[in-house]
Every structure is written in structure tokens, then in C-alpha cells.
Number of protein chains: 2
Amino acid sequence: MTSMAERPSASVEDYVRAIYGLTERGVAVTNATLTQRLGLSPSSVSGMITKLAQLGLVTHIRYRSVELTADGRRLAYDVLRRHRLLELFLVEVLDYTWDEVHPEADALEHAVSDELIEHIAAKLGHPTHDPHGDPIPTADGVVEKPTTRLLDQVEPGTIGTIARVWDTDSELLRYLTDHGMTLGARIEVVERKPFGGPLVVRVGEAAEAETHFLGTEIAGTLSIRS
Amino acid sequence: MTSMAERPSASVEDYVRAIYGLTERGVAVTNATLTQRLGLSPSSVSGMITKLAQLGLVTHIRYRSVELTADGRRLAYDVLRRHRLLELFLVEVLDYTWDEVHPEADALEHAVSDELIEHIAAKLGHPTHDPHGDPIPTADGVVEKPTTRLLDQVEPGTIGTIARVWDTDSELLRYLTDHGMTLGARIEVVERKPFGGPLVVRVGEAAEAETHFLGTEIAGTLSIRS
DNA sequence: GTTAATGTTTCGGCGTGCCGAAATTTCACT
DNA sequence: AGTGAAATTTCGGCACGCCGAAACATTAAC
């Protein structure tokens, strides 16, 4: 009785997590955006959306929008809890780095029982954030509302610490590591160059801070708390 | 690139592991025994055996026998390595008991990448045996030949230590725990009652050893080293 | 040696989830 | 408002792995 009893299929969980992820980032959830995020064909996505609607996980307006229902959101939190606890576990216990954990957690999140997840949570001391600063939902589906701001949307002069990285790309994460932009690092927004130009920041403690020029991709990915 | 690249399906791995397990225990591998072990229908098993033969993992004589090929055995070792390392990991790192690990490892063994398995092996110090005393194959597919004997097949008077439990049933494992029959425990075969009667054993160190009467199910499950 | 019981395989069918091609709807532009 | 491009959905089809029922092979028993 491993009580992984009657979980939705791995596919269903993947879709729900993807929909949540897009919504969380303020991206419109459409067949197109989902198709792109999941790397599937439009026809597959269309079919699955219909199925999710039948399952009551999603409300779907044909040719228009997709939105999680309360049930769908609840499922998303469950999956996210598993995913993020696994990521942290891999880093804390198995010496992974933050750029390596995502694909591994992706595969494991569907195979892990609720019992195992709670063992892991206990082992880690019931942590609240994963290695990328993403909040870990509690077992009963409560998530912290983020109080952080994207670097993108902050006025020059702002100083804060890096609180979250909204990306899983391991190249990008390694780039950040290599330039001192890890979780908790001090960062100051100096100026924004016009016409989509780079964001100029100073990273590190006052004295030995280094200046970096961040493109929109990174500036739209880093969140700070100040 | 989590290089879990192109693993056989979870089903194929399950069949191969089951076939190996039966062979290891000296049970004839037939449609019937496999059907029973996997809890599937005879027609499903028949179909999959044909497929395994096409994949070159198994030689199949119609209406007769099923046997792993070298490739099949190699795959079985890979799966067994994952399974057994996971079981030990759950016990050592996540405070599972030996009667709880099997179903969990069953689900995880297909989802875990080779990298993760090597991280786990390293974390555990490259162990050679899982919590039930089963040998863990090395990464390149070498397994220790067991030098243990089933309690069943040992003459009265023999003394040894419990080296392996050929069962995954959690009730049985808890029974063993509750009666001091854990890995490494000293055990002496006192006498075999006739006509399928129980095996009389003394368990524990000389002074405070306890006498137990073991039915065939347990006697055929415990291996000792002497 | 024939026969009946037992074990194995074949057949048709189902559910899931994927795809490409074709049909449909929406949207943006004139 | 009309039209063409872009997005979405429908359709037919495929691979996988499961099942029950029916056909078939093997074996044991008379």
C-alpha cells in the first residue's frame, strides 16, 4: 500500500504543471504556448486540453483560453511540491548543483509516493524554498505568494538580494553561478540602457562588487527581494 | 541530457527482472509462473515474451521455456542494481525499514537516471548488498555468486548467520524482525520435524537464544552463511 | 493410444497519448 | 465588412501494453 493511489497520469501532471507555470509567469495559456513549453504537437495539446477539461482540472473556452480550476491548481501544487522537494533533496543530500536538478526531478516527480515525499521533507527539515528560490507548497496545498520583483521591473538605484531564478536552463544557471549571481547575493541595479539594451548591475558586497551587463533574458529571469 | 537515453520501457524492465528473479530461485520460467509473479493475464505475458524474444533479451521455445540471453541478463543486472541501491538508500538515508522499501523501489527503478544511481552509490560508499542481503551488481554488470544456503537445505546442527531474505512481503519481513531474525543474526538449525513439519531453530547469541518453529515458507526464504 | 485437463498462444478489442494533414475559427489589416 | 494569415481543432492513424475468449499444444490418465 504505497498509497500513490490513483494519481493522474504523468502526462496529465505535466500539462497541469506547465499550465500553472505559464500562468505564474503571466504568460497567456494557449494551445501555442503550451505546445511550445511541452515540446509536443498542437494536435496533441488540443486533445489533452479537452481531456483535462473533462477531468475538471481546467476550464477551456474553445479557440480561446485555458485556465486551471481549483482542483487543477491543487494538483499543480502537489506536483510542484514533489518537484521542488526533489530538487532541493538532490542538491542537499546528493551533491547536485542547481543547474543539474531539473531534468532529474522531472522524471522522479511522477514516480515518487506521497510517503517518500514526506520522508524527504522531514529529512530536509520541511524547507520552504527550492534551490532556485521557488516556494515549496505545503502538503495541504498552500504556497507563499512571492513578494519579490523581477529585475526587469525595478527602478535603477534599487538594491536587493537575489531571491529567485525563473528558469531551468542549465547553461543560464551556470552563467549566473560563474558571475556570482547565486541566491542571496547582493545586487544593485545601476541603470537600464535604452532600446532593449542591457541592464547594468553591480553584484556582490559593496567593496568588491562587480559590474555586469544583463540582457533581457537574464533580467526577466532574476527576482530580487529588497 | 540526463542520459537515461533510450532505456527499454518500464514493462520490459519489469519482465526481465521477474524472469531473472525466478531463474535465480530455481523456479522454471513459464508463462504461468511469470503470469503469477507479475499479476497479469496469460495473454499479456505471452505477447510480451514474444516481444522480448524479438528484442533479443530472451530465448523462447514455444509452449516450453523462456530464458534470458546475455543481453537480457545484462539488463536484469542494471535494473537490479538500481532497485537494490534504491532500497538501501531508502533505509540508510530516509529511515525506511526493510519491510517498506520494496514497492517504493519498484516505482523508482524506472525513473532514476544512471547519473542519479551513481550519486547514490557514491553516497552509500559503493555498497555490495541491499537491506535484504541481496548482492548489488556493479555498474558494469558483475554480481557476486551467493555462497549462502537456504535454511531449508541445511542439515540439523548447522550454525550460521542470516545472510539473505528471498522475499519482499512486508508482513513476513516484519515477522522476522519481531523475532530477532534480522541480517547478521546468529541462527542454529536444531531439527526438522517430519512430513513438512516446522524447522526448529535457535535464534540469537548462545545465552539468550530463543527457539522458533519455522514453517516451510520462512525456511525456504532465509539463507545463512556459516 | 485416445482423451481430458492444463497450459500457451492467437485474435479482436480497449485506453492512453502521440503525430501529421485537413478543416475550422479567429484576428489583423485594408 | 472582407480577406488572408495564424492559431486551433478534428480526423485518421500509430505504438504500447493490457484484457477476455477462443483456438491450439502438451501432458497425464486411463
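The values are calculated or read from the model by the stated rules, or taken from the named source; none is laboratory data. Since the model is a prediction, treat every value here as computed from it, not as a measurement. FYI the Cβ positions are ideal-geometry reconstructions off the backbone, even for glycines, and counts take in every protein chain you see.
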(request) Would you point out the residue of segment A:1-23, among those that are modelled with pLDDT under 95 and away from DNA strand C (no atom under 13 Å from the Cβ), that is surrounded by the most Cβ atoms within 10 Å (Cβ to Cβ)? (result) A:Met4
(message) Let me confirm something: among B:Gly141, B:Gly125, B:Gly133, which residue is modelled with pLDDT of 95 or more and surrounded by fewer than 16 Cβ atoms within 10 Å (Cβ to Cβ)?
(response) B:Gly125
(message) List pairs: first residue in segment B:106-128 and farther than 14 Å from B:Arg84 by Cβ, second residue surrounded by fewer than 17 Cβ atoms within 10 Å (Cβ to Cβ) and not hydrophobic (A, V, I, L, M, F, W, C) anywhere in the structure, Cβ distance under 6 angstrom, at least six positions apart or on different chains.
(response) B:Ser113/B:Thr2
(message) Restricting to segment B:24-57, and then to whatever is within 11 Å of DNA strand C (Cβ to nearest atom) and not in a helix (DSSP H, G or I), can you tell me which residue is nearest to B:Pro103 (Cα to Cα)?
(response) B:Leu40
(request) Would you check which residues across segment B:1-52 are among the aromatic types (Phe, Trp, Tyr) and more than 8 Å from DNA strand D (Cβ to nearest atom) and list them? (result) B:Tyr20
(request) Return only the number of the condition from (1) exposed (fewer than 15 other Cβ atoms within 10 Å of the Cβ); (2) within 14 Å of chain A (Cβ to nearest Cβ); (3) farther than 27 Å from A:His83 by Cβ; (4) not small (Gly, Ala, Ser) that B:Thr59 does not satisfy. (result) (2)
(request) For segment B:28-47, name all the residues that are surrounded by 13 or more Cβ atoms within 10 Å (Cβ to Cβ) and within 22 Å of the chain's Cα centre (by Cα). (result) B:Val29, B:Thr30, B:Asn31, B:Thr33, B:Leu34, B:Thr35, B:Gln36, B:Arg37, B:Leu38, B:Leu40, B:Val45
(request) Would you confirm whether any residue within segment B:88-97 is within 14 Å of the chain's Cα centre (by Cα) and buried (at least 23 other Cβ atoms within 10 Å of the Cβ)? (result) yes
(message) I'd like to check something: does segment A:141-164 contain any residue that is of a type in the set (A, V, I, L, M) and within 23 Å of A:Asp78 (Cβ to Cβ)?
(response) yes
(request) Within segment A:173-205, work out how many residues are of a type in the set (Gly, Ala, Ser) and in contact with a Lys or Arg (Cβ under 8 Å, 6 or more places away or on another chain). (result) 1
(message) Residues that are in contact with a helix residue (DSSP H, G or I) (Cβ under 7 Å, 6 or more places away or on another chain): list the helices (runs of 4 or more DSSP H) wholly contained in segment B:87-199 that include at least 3 such residues.
(response) B:101-108, B:114-123
(request) Any chance you could count how many residues in segment A:153-184 are within 19 Å of the chain's Cα centre (by Cα), surrounded by fewer than 17 Cβ atoms within 10 Å (Cβ to Cβ) and of a type in the set (Gly, Ala, Ser)? (result) 2
(request) Within segment A:102-135, track down each residue that is within 11 Å of chain B (Cβ to nearest Cβ) and under 18 Å from A:Leu222 (Cβ atoms). (result) A:His102
